[in-house]
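Peer 1: Structure in structure tokens, see below.
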Amino acid sequence: MVRINLLPKEEKVKRRIGIPRPSIKMPTGIENYLGIGLVILVIIILSVIHIGQKKTMAHLKTNIAETRLELRKLDEVVKLVKELDKKKKDLDARIEIIRDLNRGRFEKTQFLYRLSSLIPDYCWIQSMEVRGQAIVIKGITFSNQVIADFMKRLQAEKIFRSVELMNIVGKEIEKHSVMEFDLHTTLVSESSPSATKAPPKAKAAKSKQGGKTK
């Protein structure tokens, strides 16, 4: 088959010339190779730095994990110490209570013994309340004279101070007229100055007796 080109000459020339194709030229010369080597060196240095940073980060993460584990152990130790400290305080408080009871046991025993020996005949103690050093005695008897005798006996003792009659009420129990009374007094330790001090009246009485014997 025969082909006939009917294009004009100008079009033929353009078609032959066409569009230039890009070409890749390899660099030549020592400077170009030095530049490439420098770039490669920079890349290697950055890679080494990056790897070192990764190792450092991994090491730091390991240290952080170990530190957190140690902190947890220390938290458990701190909790244990706090619990032991709390138990110690509770134990000290109980020991102090026992000491206080032992300190006042002898005085209270002595107080009860003396009080029982001071109660006159036909007088009965219904209740007794101790508030620190203050004492409230509630009793029952048949006459005011018995109450007065009881108060004199209390005042004569060194361990009692400020004996006062606070209340007295007449009642009838099983067809017998009785009197209920409330006495307030203060308990004083015998070692205190107020308890060891002798009454001035007793000294005056002794001096008078001494004068008479002469």
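FYI, it's all coordinate maths here, none of it is from the lab. These numbers come from a predicted model, not from an experiment. Note that each Cβ is placed from the backbone with ideal geometry, even for glycine, and that neighbours are counted across all protein chains shown.
Peer 1: In whole Å, what is the distance between the alpha-carbon centres of the stretch 146-190 and the stretch 43-117?
Peer 2: With the stretch 146-190 and the stretch 43-117 each reduced to a Cα centre, they are spaced 56 Å.
Peer 1: What ³J(HN,Hα) values, in whole Hz, does the Karplus curve 6.51 cos²θ - 1.76 cosθ + 1.60 give for the stretch 66-80 when θ = phi - 60°, with x put for Gly and Pro?
Peer 2: These are the phi-based 3J(HN,Hα) values: 5, 5, 4, 5, 5, 5, 4, 5, 5, 4, 5, 5, 5, 4, 5 Hz.
Peer 1: Can you put Phe142, Phe111 in order, fewest other beta carbons within 10 Å first?
Peer 2: So the ranking, lowest neighbour count to highest, is Phe142, Phe111.
Peer 1: Got a sec? How would Ile98, Ile168, Ile30 order by Cβ neighbour count within 10 Å, fewest to most?
Peer 2: Ordered from fewest to most neighbouring Cβ atoms within 10 Å, Ile98, Ile168, Ile30 come out as Ile30, Ile98, Ile168.
Peer 1: Once label points are set 7 Å from the Cα along Cα→Cβ at both Leu38 and Asp92, what is their separation, rounded to one decimal in nm?
Peer 2: 7.6
Peer 1: Taking amide H atoms as placed 1.01 Å from N in the peptide plane, list the residues 5 or more away in sequence, or in a different chain, whose amide H sits under 5 Å from that of Glu157.
Peer 2: Hits under the 5 Å cutoff: none.
Peer 1: How high is the relative contact order of the stretch 121-194, given as a whole-number percent (alpha carbon pairs under 8 Å, six or more residues apart)? Could the numbers behind the result be given before it?
Peer 2: Values: 131 pairs, mean separation 24.3, N = 74.
Relative contact order of the stretch 121-194: 33 percent.
Peer 1: Place +1 on the Cβ of every Lys and Arg and -1 on the Cβ of every Asp and Glu in the stretch 121-194, take the dipole about the Cα centre, and give the residue among Ile168, Val188, Gly139 whose Cα lies farthest towards its positive end.
Peer 2: Val188
Peer 1: Within 15 Å, Cβ to Cβ, of Ile173, how many net charges do the neighbouring residues add up to if Lys/Arg are +1 and Asp/Glu are -1? Please report the intermediate quantities before stating the final value.
Peer 2: Working: positive: Lys138, Lys171, Lys175; negative: Glu172, Glu174, Glu180.
Charge balance in the 15 Å sphere: 0.
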